[in-house]
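Okay, structure first, notes after.
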């Protein structure tokens, strides 16, 4: 993949200056390789959808947007490319029954995703270019410059070239997530147990951080439980990683090797050299739960960190690790539903998706602006009924997948120019 002048890497600056243009609208979760979550346009002011797409299959993936604004969405058995104006399918690609992960796109329009243990590359028209077998459940891929990076529940991180050939491979103990990437091209991968790995673009290990200390892997975890979440990266290079603590399969309880506050999710701020700068934990009163997940934050232009949690709350935390405010969706006193870290519009409005099938818009002072309820509540039998964090299109349109077979679009209010990120 040839890097184009002005392409955006990692975190966007927070100095009030206009950012360089990017040729891709929202090519990966939280917009860029640094997962800052900021859009280039003003999003909706109303909860009324523009259209609803019926996929006919459940989803565990998030939507992203290609360079033309088309919506790419993974479902059980297929990936679909949806026209952003009409809400109709342009093409579908069959995975043979396996559930597709969240997609990402490269500079040349290639679409990458995983299904089961396989990494796929598709042309912009949905034709398969190549596939690569990981040997274990694969995480959603990350495309950056001349490589496609994919982690796995088998502890393998691989870098593939644009033809699907391995450039290098690393093996760790436990799970390893696909990376976030900084402006220097360094990779930061969350892993278990509560571990953050740093590699350079050639696969050299830079450091390993264990901010909770040496924690046993344990037995009986779900894939990806008890990991550090895929981090986001601040303008000064600080790496922000939430912890995804979780129960043993079928028990609902934490394993004995997580004593004390390790059973509480935390947000960690880690320097580019691998040193813990600070940590923040939060426990909602009356939760009735011994564990909590804090998601890695999206990052406002002023550096404020906006974290979703498994306690039906969004937390605003300043860059020094101090709570600014909390927003409560008001949905109960149990550990679920979960709230994802928000996507951030050009004007600073926050778009918050929940695992109870809701999309909620709040402002940077935690005041609710509007709420959309899909009518698909959180289901204990399924552990969630996700509405997913939305990409923000060039005209401000939001797109979100509901796990129960739908994609929603809400019309936006315009941009600062197609593909030119502005302040949020």
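Could you list all residues from segment 158-172 that are in contact (Cβ under 8 Å) with a residue 24 or more places away in the chain and farther than 19 Å from residue 136 by Cα?
Of everything in segment 158-172, those that are in contact (Cβ under 8 Å) with a residue 24 or more places away in the chain and farther than 19 Å from residue 136 by Cα turn out to be 162, 163.
Matching residues to (1) under 21 Å from residue 309 (Cα atoms); (2) in a strand (DSSP E or B); (3) out of contact with any strand residue (DSSP E or B) (no Cβ under 7 Å at 6 or more places or on another chain); (4) modelled with pLDDT under 60:
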| position | (1), (2), (3), (4) |
| --- | --- |
| 216 | no, no, yes, no |
| 240 | yes, yes, no, no |
| 243 | yes, yes, no, no |
| 252 | yes, no, yes, yes |
| 258 | yes, no, yes, yes |
| 279 | yes, yes, no, no |
| 288 | yes, no, yes, yes |
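Of all residues in segment 150-161, how many are modelled with pLDDT under 95 and under 21 Å from residue 111 (Cα atoms)?
0
Taking only pairs six or more apart or across chains, which ones have beta-carbon atoms under 8 Å, a first residue in segment 393-421 that is within 13 Å of residue 65 (Cα to Cα), and a second residue that is at pLDDT below 70 and in a strand (DSSP E or B)?
394/415; 395/415; 396/415
Filter segment 97-123 down to the residues that are surrounded by fewer than 19 Cβ atoms within 10 Å (Cβ to Cβ) and part of a loop (DSSP other than H, G, I, E, B) and list them by number.
Residues satisfying the conditions are 108, 109, 116, 117, 123.
Scan segment 316-323 and give yes if some residue there is under 17 Å from the mean Cα position of the chain (by Cα) and closer than 21 Å to residue 391 by Cα, otherwise no.
no
Taking residue 235 as meeting all but one of (1) within 17 Å of residue 296 (Cβ to Cβ); (2) modelled with pLDDT of 95 or more; (3) surrounded by 20 or more Cβ atoms within 10 Å (Cβ to Cβ), write down the number of the exception.
In the conditions (1) within 17 Å of residue 296 (Cβ to Cβ); (2) modelled with pLDDT of 95 or more; (3) surrounded by 20 or more Cβ atoms within 10 Å (Cβ to Cβ), residue 235 misses (3) alone.
Being closer than 20 Å to residue 412 by Cβ and part of a strand (DSSP E or B) is the requirement here; does residue 48 meet it?
For residue 48, the condition - closer than 20 Å to residue 412 by Cβ and part of a strand (DSSP E or B) - is not met.
So that you can scan it fast, the table gives a plain yes or no per residue for (1) part of a strand (DSSP E or B); (2) under 28 Å from residue 99 (Cα atoms); (3) modelled with pLDDT under 95:
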{"position": "320", "(1), (2), (3)": "no, no, no"}
{"position": "331", "(1), (2), (3)": "no, no, yes"}
{"position": "353", "(1), (2), (3)": "yes, yes, no"}
{"position": "359", "(1), (2), (3)": "yes, yes, no"}
{"position": "376", "(1), (2), (3)": "no, yes, yes"}
{"position": "380", "(1), (2), (3)": "no, yes, yes"}
{"position": "396", "(1), (2), (3)": "no, no, no"}
{"position": "399", "(1), (2), (3)": "yes, yes, no"}
{"position": "408", "(1), (2), (3)": "yes, yes, no"}
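Being buried (at least 24 other Cβ atoms within 10 Å of the Cβ), closer than 26 Å to residue 308 by Cα, modelled with pLDDT under 95 and out of contact with any helix residue (DSSP H, G or I) (no Cβ under 7 Å at 6 or more places or on another chain) is true for just one of 59, 46. Which residue is that?
Exactly one of 59, 46 is buried (at least 24 other Cβ atoms within 10 Å of the Cβ), closer than 26 Å to residue 308 by Cα, modelled with pLDDT under 95 and out of contact with any helix residue (DSSP H, G or I) (no Cβ under 7 Å at 6 or more places or on another chain), namely 59.
Being more than 15 Å from residue 388 (Cβ to Cβ), assigned to a loop (DSSP other than H, G, I, E, B) and either modelled with pLDDT of 95 or more or touching a helix residue (DSSP H, G or I) at 6+ places or on another chain (Cβ under 6 Å) (or both): is that true of residue 77 here?
no
Exactly one condition in (1) farther than 16 Å from residue 166 by Cα; (2) in contact with a strand residue (DSSP E or B) (Cβ under 8 Å, 6 or more places away or on another chain) is false for residue 119; which is it?
(1)
The values are calculated or read from the model by the stated rules, or taken from the named source; none is laboratory data. None of the values given here were measured: they were computed from a predicted structure. Positions of Cβ are backbone-derived with ideal geometry, glycine not excepted, and every protein chain shown enters the neighbour counts.
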